[in-house]
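A short write-up of the structure that comes next.
The values are calculated or read from the model by the stated rules, or taken from the named source; none is laboratory data. The structure presented is a predicted model; accordingly, all values stated were derived computationally and were not measured. No Cβ is skipped: glycine too gets one built from the backbone with ideal geometry, and neighbour counts run over all protein chains shown. Side chains included, ligands, DNA and RNA excluded: accessible areas come from the protein's heavy atoms. Shrake-Rupley method; radii C 1.70, N 1.55, O 1.52, S 1.80 Å.
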Amino acid sequence: MRIGRRRVVVGALIALMLVLPLAVKSAFALDILIRILLFAFIGTAWNLLGGYAKQFSLGHSAFFGLGAYTSTLMQIDLGISPWIGMLAGGVAAMLASLPIGWLCFRLRGPYFTIATIAAAQVLMLIFLKLRDFAWGAEGTTIPNLGDAPLMMQFDGKLPYYYVVLLLLLVALAITAWIARSRLGFYLVALGEDQDAAEAVGIDVPRVKRDIYMLSAFLTAMAGTFYVQYIYFIDPQTAFNFSISIEAALVSIVGGVGTLLGPLIGTLLLETTSALLQSWLGNQAGVQVTVYSVILMAVILWRPTGIMGYLAEVRERRRLRQGIA
Amino acid sequence: MLEIVAQAVINGLLIGGIYALVSIGVTLIFGVVKIVNFAQGEFVMIGMYITFFLATQFGMDPLLSLLVSMPVLFVIGVLVQHFLIRRVLGLNDLPQIFLTFALSLLILNIALMLFSANYRTVHTAYSDEAFHFGGLYVPVAKLIAFGVAMLLSALLWAFLRATDLGKAMRAASQNRDVAQLMGINPNRVFAVALGIALALAGAAGSLLMPFYPAYPMVGQVFVLMAFVAVVLGTLGNVVGALVASLLMGIAESLGIQFIGADSGLIVVFLLLLATLALRPSGLAGGHTR
Amino acid sequence: MKRRQFLSSAAGTVVAGALAPYVMRGYAADAVNIGGLYPSTGSMAQIGQACVTAAKLAVEMVNNAGGIKSLGGAKLNLIVSDVQSDTTVTRTETDRLISGSKLSAIHGCYASALTLIASEVCERAKVPIITGSSTDQLNKGRHYTFTPFARASQFAKAQLQMAKLVGDKPRVAVIFENTAFGTATSNGLKELAPGEGVEIVMFEPYSAGFTDAGPLINKVKASGANALFSVSYLNDLILIVRTVKQVGLDVAINGGSGGFVIPDFYKNVGRLADGLLGVAHWNHDVNDAAQKVNAEYKKRTGEFIFEYAGGLVAQTFMLADALERAASADPQKVRDALAKLDASSGYAAMAPGGKVKFGPDGKNVYGHPVGVQWQNGDLVSVFPKEDARGKLLKT
């Protein structure tokens, strides 16, 4: 049974991801894995809005940063654990997505994209100025608590790996559930043709708003994790444009609007990046040059991404076998 | 007080001229080819480096180097259209936006490889000079840049209005299918559009060199302003982009003067967000969402 | 029997004698690893690359002088890592360096955000880190972080005092770039100005990487200032200095540190730089040792050795001094030896004031900045009097 086989494959993948870090000896490799999982998580969150609903946001760093700052403020000012702060950050991002969405959703296509970029930039500028409330441009380090799991600080890298793995699995589960639900149907419909979707009676503004909130919530959680991992926060790091870029990028390369697209995309891009770094070393610009050439190649020849390509292959095979 | 305002307006107007050259290119490409060119800033950067090398190797004045940078970038534009843009036409937004974005990354990093991150400047006789009248001052280099920018914009406008190719471009931008039915070759039109847009970017670069340093990341600074101007002036509208750029330059300058020197960007963005909220299709309106 | 015994013992002695140098060299060949973390790529690449050059020079100097004698002449082995001007990379590279090679100590990273992260990783890994970064946060609640040079707050005081060098009633306009470097330093200026008898008539952050300095300099003109303090990175400084000239504004410019004290500044603004004042935590005319380092660096790169790069050469010697006293490559022992450092001669004491001794918070109790002035394309120390190596040019 095809469905049964899929379950087995998924189970095997999850099991693999669970034991992988134990087999990996070097801290550097573990770092790469953590980075892969983190960006796969951010990409999956983005994919809900940008992949399924085709609302192409390049401003997700706004939510990442809000999550990061919320949990850090709660930790340093109120002594509240980042675990709770993570959820609070998600709520803050959700609330922020309402006015931002109201503004940006009035537009379509590239207009919308530019508006999201602007919104994220404004947030960075605001936090650069918030000196008394949030350390301003200088940022701050989080207090060194050594091994404090309840405060999301761990000795060694392994626990961080499992935390971000958990986040990714949750995001994937949510995506899988939505994709099969009525909301998922609405998302794809409005992504294909917004006017037609509206004509058939779908409440497009509400669907957009809801998925934006969810996407924002998840992205914010990534922000919290990130601060706990690098021990430092400042506006330029937390609201960095490159986060918005990578969130969208991994989905495009892997295949927008697919469940595993972002994960596959991240795997490809991050491992390529790491390999390039070890082969070509660190001469300025070499690595990203090759990286962007690969990117352009994917966009030019396989715009539906890797998952799209695999789907085409499967479709062709199916047709050849004469199955409708 | 009036003097302060006047000086701020002058400053803003002059830098607005540069923003105009960059944003006109972006809006032209969007209007005709329906693609947002995220790499426009990098072509400005290429223009700057061309001028830098001509100045340091041959002692060529930046103004003269326009005669080199503009044609070179025109050719690059045609090549970009032929080898890259052509392949993603007809697909949806995502690959189109990401193609130009990847192109921007590529060019920026090649520049980093070739030239390193060092700042390169060109010093001309007029780099540090300014005209003084009343209590006001007008930097010479910026005035020249503004003048040439306005001249090029006027030439473009005349081209679009009066020549056959220009009219073909406007037709293709308004309705591609009908234009094709009328016998207009879209690829040729697109190539010219890309060529002109990039030539304008190159011109902006050459004009900047006397008073602004060149370095690989320089394009990013200008492209952001250009994008806002393009949306403000309505995507696809060349005159709109020009007017919006000048207004933005002035708004930024007044913001710096009266609100705070780090508020320039916020003022501009708020202007953008306000426009999007109240008049989403931009100041010129007209275009459908 | 006796002869055989004698012969075997003689043979044994001869063999032992022949092997001895090999055994001892084997012991001495155990190099000591120190890590150097700098942004050789990305936005701070110019500076990072200069730092790496200086780091390699420093290690060569230590090794040519015999290495660490208490460890049998062990050579220093510098392991450089590029932090790409990026915070995540700093985190992972610091970790990778520490876990991948047995490090005795680390130095880096120039930028305050990057250094803070590296410091956090080092504190948790219990490896000592020594740095010239001036951010005051580095001295809060740490045990493995050492800062032998002036702190951000001290720069501010020096800048204010220098304002009085050029005029009795300085009216200062302070402009600063709106990220970490600018806000930290400028805050110190605001707090200390009243105490130094300096009036601040304008205090304004500006957007780093702006396209036009015109409006900003306009404001400076309108404020009636006769001195301008600019806390900026290089590209902004170029614009600011040139615009001041264009506007025809007559102000004494004090460019602080940062982009102001690197050779590239002069390369880009030329003669406009002459006479301009700045503040640095190290300069190549601090003492003869520094001039020697400068001469060697100039031979290799064609430029004078700038503030941070020279400082890290001194830091390398401080590490060597600590290793010498610890007689061990163990990071904990090195850390303890570093905490007890008391240098007043030699390359390890290359600092304004000529003395280095760490307090409990990792600060150098003798640390203070030196005021510098551009004169003919070179930076000359002009303030305070004890540290002045050249005359102050009046402009």
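I need the full set of residues from segment B:81-107 which are open to solvent by less than 20 Å² (accessible area, probe 1.4 Å) and among the hydrophobic types (A, V, I, L, M, F, W, C), in order please.
Across segment B:81-107, the qualifying residues are B:ILE85, B:VAL88, B:LEU94, B:ILE97, B:PHE98, B:LEU99, B:ALA102, B:LEU103.
Sort out for me the helices (runs of 4 or more DSSP H) sitting completely within segment A:218-324 that have 1 or more residues that are in contact with a Lys or Arg (Cβ under 8 Å, 6 or more places away or on another chain) and either more than 26 Å from C:ALA208 (Cα to Cα) or of a type in the set (Gly, Ala, Ser) (or both).
Numbers: elements: A:235-238, A:241-254, A:261-280, A:286-301, A:305-320.
In segment A:218-324, the matching helices (runs of 4 or more DSSP H) lie at A:261-280, A:286-301, A:305-320.
For B:VAL230, only one of the following conditions fails: (1) open to solvent by less than 10 Å² (accessible area, probe 1.4 Å); (2) touching a Leu at 6+ places or on another chain (Cβ under 8 Å). What is its number?
(2)
It is to be established whether one or more residues within segment C:239-257 are of a type in the set (Gly, Ala, Ser), in contact (Cβ under 8 Å) with a residue 60 or more places away in the chain and not in a loop (DSSP other than H, G, I, E, B). Explain how you work it out, then say what you get.
Step one: of segment C:239-257, the residues of a type in the set (Gly, Ala, Ser) are C:248, C:252, C:255-257.
Now restrict to residues that are in contact (Cβ under 8 Å) with a residue 60 or more places away in the chain: C:252, C:256-257.
Now narrow it down to the ones that are not in a loop (DSSP other than H, G, I, E, B): C:252.
Yes; the residues of segment C:239-257 include at least one that is of a type in the set (Gly, Ala, Ser), in contact (Cβ under 8 Å) with a residue 60 or more places away in the chain and not in a loop (DSSP other than H, G, I, E, B).
Kindly provide the set of residues from segment A:145-168 that are touching a residue at least 40 places away in the same chain (Cβ under 8 Å) and touching a helix residue (DSSP H, G or I) at 6+ places or on another chain (Cβ under 7 Å), ordered by number.
Residues satisfying the conditions are A:MET151, A:MET152, A:GLN153, A:LYS157, A:LEU158, A:TYR160, A:TYR161, A:VAL163, A:VAL164, A:LEU165, A:LEU167, A:LEU168.
Identify, from the list C:SER104, C:SER81, C:SER43, the residue that is within 14 Å of chain B (Cβ to nearest Cβ) and not in a helix (DSSP H, G or I). Steps first, answer last, please.
Numbers: C:SER104 fails: within 14 Å of chain B (Cβ to nearest Cβ); C:SER81 fails: within 14 Å of chain B (Cβ to nearest Cβ).
Just one listed residue meets the conditions, C:SER43.
Out of all the residues in segment A:244-279, which are closer than 28 Å to A:THR72 by Cα and in contact with a Gly (Cβ under 8 Å, 6 or more places away or on another chain)? Talk me through it step by step, then tell me what you get.
Here is the first cut: in segment A:244-279, the ones closer than 28 Å to A:THR72 by Cα are A:244-250, A:262-263, A:266, A:270.
Scanning segment A:244-279 gives A:SER244, A:GLU246, A:ALA247, A:ALA248, A:LEU249, A:VAL250, A:PRO262, A:LEU263, A:THR266.
Across segment C:182-207, what is the total count of residues that are within 14 Å of chain B (Cβ to nearest Cβ) and part of a helix (DSSP H, G or I)?
Start the filter on segment C:182-207 by keeping residues that are within 14 Å of chain B (Cβ to nearest Cβ), which leaves C:182-183, C:186, C:202-207.
Next, from what is left, pick out any that are part of a helix (DSSP H, G or I): C:182-183, C:186.
Residues that pass the stated criteria total 3.
Can you name every residue in segment A:192-207 that is open to solvent by 20 Å² or more (accessible area, probe 1.4 Å) and under 28 Å from A:GLY65 (Cβ atoms)?
Passing the criteria: A:PRO205, A:ARG206.
Return the residues of segment C:152-172 that are surrounded by fewer than 23 Cβ atoms within 10 Å (Cβ to Cβ) and in contact with an Asp or Glu (Cβ under 8 Å, 6 or more places away or on another chain); say none if nothing qualifies.
The answer is C:SER153, C:LYS157, C:GLN161, C:LYS164, C:LYS169, C:ARG171.
Quick check on segment B:39-49. Is at least one of its residues closer than 19 Å to A:ILE252 by Cβ and more than 10 Å from every other protein chain (Cβ to nearest Cβ)?
If we filter segment B:39-49 for residues that are closer than 19 Å to A:ILE252 by Cβ, which is where we start, we get B:39.
Still in the running and more than 10 Å from every other protein chain (Cβ to nearest Cβ): B:39.
Among the residues of segment B:39-49, at least one is closer than 19 Å to A:ILE252 by Cβ and more than 10 Å from every other protein chain (Cβ to nearest Cβ), which makes the answer yes.
Condition check ((1) over 22 Å from B:SER153 (Cα atoms); (2) free of Cβ contacts under 8 Å to residues at least 40 places away in the same chain; (3) in contact with a Leu (Cβ under 6 Å, 6 or more places away or on another chain)) across all residues:
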| residue | (1), (2), (3) |
| --- | --- |
| B:THR234 | no, no, no |
| B:ASN237 | no, no, no |
| B:SER245 | no, no, no |
| B:MET248 | no, no, no |
| B:GLY260 | yes, yes, no |
| B:SER263 | yes, yes, no |
| B:ILE266 | yes, yes, yes |
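So, in segment A:20-52, of the ones that are open to solvent by 20 Å² or more (accessible area, probe 1.4 Å), assigned to a helix (DSSP H, G or I) and within 9 Å of another protein chain (Cβ to nearest Cβ), which residue ends up modelled with the highest pLDDT? Give the derivation first.
Looking only at segment A:20-52, we keep the residues that are open to solvent by 20 Å² or more (accessible area, probe 1.4 Å), and these are A:20, A:22-29, A:32-33, A:35, A:52.
So of that shortlist, the ones also assigned to a helix (DSSP H, G or I) come out as A:20, A:22-23, A:27-29, A:32-33, A:35, A:52.
If we keep only those that are within 9 Å of another protein chain (Cβ to nearest Cβ) as well, we get A:27-28, A:32, A:35.
Working: A:ALA27: 77, A:PHE28: 79, A:ILE32: 86, A:ARG35: 90.
Only one residue tops the list, namely A:ARG35.
Scan segment C:194-203 and give yes if some residue there is of a type in the set (Phe, Trp, Tyr), surrounded by fewer than 24 Cβ atoms within 10 Å (Cβ to Cβ) and touching a residue at least 40 places away in the same chain (Cβ under 8 Å), otherwise no. It would help to see each step written out before you state the result.
To start, the set of residues in segment C:194-203 that are of a type in the set (Phe, Trp, Tyr) comprises C:203.
Then keep just the ones that are surrounded by fewer than 24 Cβ atoms within 10 Å (Cβ to Cβ); that gives C:203.
Narrowing the set further to residues that are touching a residue at least 40 places away in the same chain (Cβ under 8 Å) leaves none.
No, segment C:194-203 contains no residue that is of a type in the set (Phe, Trp, Tyr), surrounded by fewer than 24 Cβ atoms within 10 Å (Cβ to Cβ) and touching a residue at least 40 places away in the same chain (Cβ under 8 Å).
Residues that are at pLDDT 85 or above and surrounded by fewer than 24 Cβ atoms within 10 Å (Cβ to Cβ): does segment B:192-207 have at least one?
Our first condition is that a residue be at pLDDT 85 or above; within segment B:192-207, this holds for B:192-207.
Going one step further and asking which of them are surrounded by fewer than 24 Cβ atoms within 10 Å (Cβ to Cβ), we end up with B:192, B:195.
Scanning segment B:192-207 turns up at least one residue that is at pLDDT 85 or above and surrounded by fewer than 24 Cβ atoms within 10 Å (Cβ to Cβ).
Hey, among the residues in segment C:208-233 that are part of a strand (DSSP E or B) and among the small types (Gly, Ala, Ser), which one's nearest to the other protein chains (Cβ to nearest Cβ)?
The first filter runs over segment C:208-233 and keeps only residues part of a strand (DSSP E or B), leaving C:227-231.
Filter again for among the small types (Gly, Ala, Ser), leaving C:227, C:230.
Values: C:ALA227: 17, C:SER230: 11 Å.
Per the criteria, the residue is C:SER230.
Can you tell me how many residues in segment C:303-362 are open to solvent by 30 Å² or more (accessible area, probe 1.4 Å) and small (Gly, Ala, Ser)?
Adding up the residues that qualify gives 7.
Working only within segment A:208-228, note down all residues that are open to solvent by less than 10 Å² (accessible area, probe 1.4 Å) and under 20 Å from A:ASP31 (Cβ atoms).
If the condition is that a residue be open to solvent by less than 10 Å² (accessible area, probe 1.4 Å) and under 20 Å from A:ASP31 (Cβ atoms), then A:ALA222, A:GLY223, A:THR224, A:PHE225, A:VAL227, A:GLN228 are the ones that fit.
Applying the selection to segment B:247-282, what residues are under 28 Å from C:SER230 (Cα atoms) and open to solvent by 20 Å² or more (accessible area, probe 1.4 Å)? Quick ask: steps written out before the conclusion?
Filtering segment B:247-282 down to residues under 28 Å from C:SER230 (Cα atoms) leaves B:248-270.
Passing the criteria: B:ILE250, B:ALA251, B:GLU252, B:LEU254, B:PHE258, B:ILE259, B:LEU265, B:ILE266, B:VAL267, B:LEU270.
Which residues, taken from segment B:83-126, are at the interface with chain A (Cβ under 7 Å from one of its Cβ atoms) and at positive phi?
Scanning segment B:83-126 gives a single hit, B:SER116.
For segment B:127-171, give me the residue count where each residue is open to solvent by 20 Å² or more (accessible area, probe 1.4 Å), in a helix (DSSP H, G or I) and away from every other protein chain (no Cβ under 14 Å).
Selection size over segment B:127-171: 17.
Taking the options A:THR289, A:THR237, name whichever one is surrounded by 15 or more Cβ atoms within 10 Å (Cβ to Cβ) and under 18 Å from the mean Cα position of the chain (by Cα). Talk me through it step by step, then tell me what you get.
Values: A:THR289 fails: under 18 Å from the mean Cα position of the chain (by Cα).
Exactly one of A:THR289, A:THR237 is surrounded by 15 or more Cβ atoms within 10 Å (Cβ to Cβ) and under 18 Å from the mean Cα position of the chain (by Cα), namely A:THR237.
Only one residue in A:LEU95, A:LEU78, A:LEU73 is open to solvent by 10 Å² or more (accessible area, probe 1.4 Å) and closer than 21 Å to A:ALA118 by Cα. Which one?
Numbers: A:LEU78 fails: closer than 21 Å to A:ALA118 by Cα; A:LEU73 fails: closer than 21 Å to A:ALA118 by Cα.
The unique qualifying residue is A:LEU95.
Could you grab the pairs with beta carbons closer than 8 Å, sequence gap of 6+ or different chains, first residue in segment C:287-312 and without any contact (Cβ under 8 Å) to a residue 40 or more places away in the chain, second one in a loop (DSSP other than H, G, I, E, B) and open to solvent by 10 Å² or more (accessible area, probe 1.4 Å)?
Close Cβ pairs satisfying both conditions: C:GLN291/C:ASP285; C:ASN294/C:ASP285; C:ASN294/C:PHE304; C:LYS298/C:PHE304.
A:GLY156 is checked against (1) open to solvent by less than 70 Å² (accessible area, probe 1.4 Å); (2) within 13 Å of chain C (Cβ to nearest Cβ); (3) in contact with an Asp or Glu (Cβ under 8 Å, 6 or more places away or on another chain) and fails just one. What number does that condition carry?
Condition not satisfied by A:GLY156: (3).
Go through (1) more than 13 Å from chain C (Cβ to nearest Cβ); (2) of a type in the set (S, T, N, Q); (3) assigned to a helix (DSSP H, G or I); (4) under 29 Å from B:MET70 (Cα atoms) for B:THR275 and report which single condition fails.
(4)
Could you please find all residues in segment B:219-257 being hydroxyl-bearing (Ser, Thr, Tyr) and under 12 Å from the mean Cα position of the chain (by Cα)? Lay out the reasoning, then the answer.
The first filter runs over segment B:219-257 and keeps only residues hydroxyl-bearing (Ser, Thr, Tyr), leaving B:234, B:245, B:253.
If the condition is that a residue be hydroxyl-bearing (Ser, Thr, Tyr) and under 12 Å from the mean Cα position of the chain (by Cα), then B:SER245 is the only one that fits.
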